[in-house]
Amino acid sequence: MNQRTTYGACVRDHWALLPIVAFATLLRLWQINESLWLDELHSAWVVSGGLLEIVERAQIGNQSPLYFYLPWLTTSLFGMSEWALRLPSLIAGLGFVILAYKLAFEFTRSRIAAIACATLAAMDHNFLFYSTEVRPYACVQLVAAIQLLIFWRLQAAASFRSRAIFVVSTVLLFYLHYTAILLVAGEVVYVLARRWCQNECAYTWRAIAVDLLCAAAMTVPAVVHVFDVGARREAWASFITDTTLIRPAYWFSLDSYIAFPTIVCLIVGAFKVAITLRRDEPIRSGSTFKAMFDYCSNVRCSGSSRRSLTATILLVCWFVTPLAIVWLLTVTDIARLYLGRYVIGAALAPLLLTGIFVVVCGSRKLQALAASVIIAYEVYSSGMIEQVRFDGRLFADRAENWRDAVDYVNAHRIPGPPVFVRSGLIEADRLSTDNSELLRSYCNSPVTSIYHVNAADDEIRPLTTYHAGKLSKADVEQIEATGSAWFIINGSTATRERCAERILESLAKEIKEATYSKYRQGCVSDERQFGHVGTFRVVLYTVDENVTHLDDQPTSPSSIAPP
């Protein structure tokens, strides 16, 4: 059989993947031009500085620089825009759908299970969200899938080429996101379990040790930055407080991929046992239990069951081990990493376990029925239908509309007044002790990269994240010089209002101490809210000290002095 015939047969056998990929593309293009949110704006700022500044700008945000070369390339080719920045993640997300199909087929040898896994990957909230975001997590998921596929194949044939790809993909995982390397710990646990069970394979323990040592040697250049990030762990981990063991069920939709498929399998198994009992018409006592035992034995002894069982053990190790490590590191307060996105590569495991659940159902008809029910439940539980009906979006995770907020300020601001920005970045609280230009530029990044306030650099001033309304003497002097200022606040309406109150208090205090000032008070106007980004203007005004109190003035409106 020649290569063309083999390729044609492969396409014919897996033709169902094509409409799934087209469907995944449509979903990912749905919100491709949506306004960037804070973490994406950091990526845009990293890219906007040019090729030579990527490393320095990425590291100030505690990120490895490797990923940022991809959006730099796409924006260099297509210009700075939301879709160009998100294009690498979109491509990675589509590649992940294909690999989900491939891995499910490798583990189960069932096209129905592979189709089910690919369909779920196409519309799963996690995979859909991260493949439309300017962050490295979609690329992490893609490389994690490649690494898992190579590791699985190494169990059968440990060729030099496969081992080299395994080492390279492991190193790429680390350099895309440092915590992604924890997935390798799951593979090590699987190897230990296999050795304990005395189950030998082509990929020997010695070969694994050599490959992991090679990968470790390639990660040495990043050790300094990893320790630097660890030194600042109190700041970036301040928002990780929930350490309950049930959290992964929410992060990875375990109700859709574990709980519900288990129920479906139990129902299908009970149905098959009932059919067997009715067909055989048992008359002996205990025949019900015998029929159930025979059914389980048939499942256990089927042709693909050994492969699926081995794959299940691997997936459980690959999923549980990273979660256990980040949980232990968090509860011991060594490093607070118990957050879904830090182990997002492991989200592939529950998805593939769903494919194994589908295969357990037995015949192709029952597999198709189970897959259809599981997919329908995922669509229902994801909330996408309700969200589309509500506002036309598939998901509402990106609630910060920086684009419209900046456009509003540009449309209503006259040249001169300063613009203060509360970015919400945790690094912004270092502004009181760190006056470096790089940090100030980083904290101003939401309004100086893809969305740009029409103001000079010295007119854009960053605010700290906590106590954002506390203005310095230099801030007040700049406001007094023009008589007004604009504020862009990352936060809810309540956050914006608290910031406005603190700003007025801070202004009143500074103005009172500065006896030379011609102003006496400030007021807030032009308050607007764009999702979780608010804007307002503060205007200073004078008060005539000779004006009598309102109760002592004539009642004619024309005789009342304006404020």
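The values are calculated or read from the model by the stated rules, or taken from the named source; none is laboratory data. Predicted model, so just to flag it, every value in this text is computed and none were measured. Here Cβ is always computed from backbone atoms with ideal geometry, including for glycine, and neighbour counts include all displayed protein chains.
Residues of region 389-404 that are among the small types (Gly, Ala, Ser) and under 10 Å from Val533 (Cα atoms): Ala399 alone.
For region 330-370, the set of residues classified as small (Gly, Ala, Ser) and surrounded by 22 or more Cβ atoms within 10 Å (Cβ to Cβ) consists of Gly345, Ala346, Ala347, Ala349, Gly355, Ala370, listed by residue number.
Filtering Ala185, Ala145, Ala217, Ala193 for residues that are assigned by TED's automatic domain parsing to the domain that holds Val47 and without any contact (Cβ under 8 Å) to a residue 60 or more places away in the chain leaves a single hit, Ala217. Cβ separations smaller than 7 Å between residues 6+ apart or across chains give the following pairs from region 76-103 residues that are within 20 Å of Leu66 (Cα to Cα) to residues that are of a type in the set (D, E, K, R) and assigned to a helix (DSSP H, G or I): Leu90/Arg28; Gly93/Arg28. For the residues Ile479, Ile511, Ile489, the requirement of being at pLDDT 90 or above and surrounded by 19 or more Cβ atoms within 10 Å (Cβ to Cβ) singles out Ile489. Residues that are at pLDDT below 90 and not aliphatic (A, V, I, L, M) number at least 2 in the following helices (runs of 4 or more DSSP H) confined to region 1-48: 3-13. Filter region 43-75 down to the residues that are of a type in the set (Ser, Thr, Tyr) and under 19 Å from Thr448 (Cβ atoms), then identify the one that is nearest to the chain's Cα centre (by Cα). Looking at the filtered set, the residue picked out is Ser43. Each residue in region 223-239 was checked for being touching a helix residue (DSSP H, G or I) at 6+ places or on another chain (Cβ under 7 Å) and in a helix (DSSP H, G or I), and 4 pass.
Cβ separations smaller than 6 Å between residues 6+ apart or across chains give the following pairs from region 529-542 residues that are over 11 Å from Val409 (Cβ atoms) and touching a residue at least 24 places away in the same chain (Cβ under 8 Å) to residues that are charged (D, E, K, R) and in a strand (DSSP E or B): Gly531/Glu400; His532/Glu400.
Within the set Ala474, Ala485, Ala411, Ala494, the sole residue that is part of a strand (DSSP E or B) and more than 21 Å from Val46 (Cα to Cα) turns out to be Ala485. For region 433-442, how many residues meet the condition of being within 20 Å of Arg233 (Cβ to Cβ) and over 25 Å from the mean Cα position of the chain (by Cα)? Of the residues in region 433-442, 2 are within 20 Å of Arg233 (Cβ to Cβ) and over 25 Å from the mean Cα position of the chain (by Cα). Kindly establish whether Ala411 is closer than 30 Å to Thr535 by Cβ, surrounded by fewer than 20 Cβ atoms within 10 Å (Cβ to Cβ) and without any contact (Cβ under 8 Å) to a residue 40 or more places away in the chain. Criteria met by Ala411.
Reported count of residues in region 132-177, each being outside any helix (DSSP H, G or I), small (Gly, Ala, Ser) and modelled with pLDDT of 95 or more, is 0. Inside region 316-348, residues that are part of a helix (DSSP H, G or I) and in contact (Cβ under 8 Å) with a residue 40 or more places away in the chain make up a count of 21.
Here Val453 meets the list (1) within 22 Å of the chain's Cα centre (by Cα); (2) in the same structural domain as Val533 (by TED's automatic domain parsing) almost entirely, failing just condition (1). Hey, any hits in region 28-45 for a residue that's out of contact with any helix residue (DSSP H, G or I) (no Cβ under 6 Å at 6 or more places or on another chain), assigned by TED's automatic domain parsing to the domain that holds Phe252 and closer than 29 Å to Leu315 by Cα? No: zero hits. Put simply, of Tyr442, Tyr466 the only residue that is assigned to a loop (DSSP other than H, G, I, E, B) and aromatic (Phe, Trp, Tyr) is Tyr466.
Going by the structure shown, is Ser308 in a helix (DSSP H, G or I), assigned by TED's automatic domain parsing to the domain that holds Val359, at pLDDT below 95 and of a type in the set (S, T, N, Q)? In short, yes. Residues that are in a helix (DSSP H, G or I), in contact (Cβ under 8 Å) with a residue 40 or more places away in the chain and surrounded by fewer than 17 Cβ atoms within 10 Å (Cβ to Cβ) do occur in region 198-207. Of all residues assigned to region 351-365, at least one qualifies as being free of Cβ contacts under 8 Å to residues at least 12 places away in the same chain and not β-branched (Val, Ile, Thr). Just one of the listed residues (Val167, Val188) is closer than 30 Å to Arg341 by Cβ, of a type in the set (A, V, I, L, M), over 23 Å from the mean Cα position of the chain (by Cα) and surrounded by fewer than 19 Cβ atoms within 10 Å (Cβ to Cβ), namely Val188.
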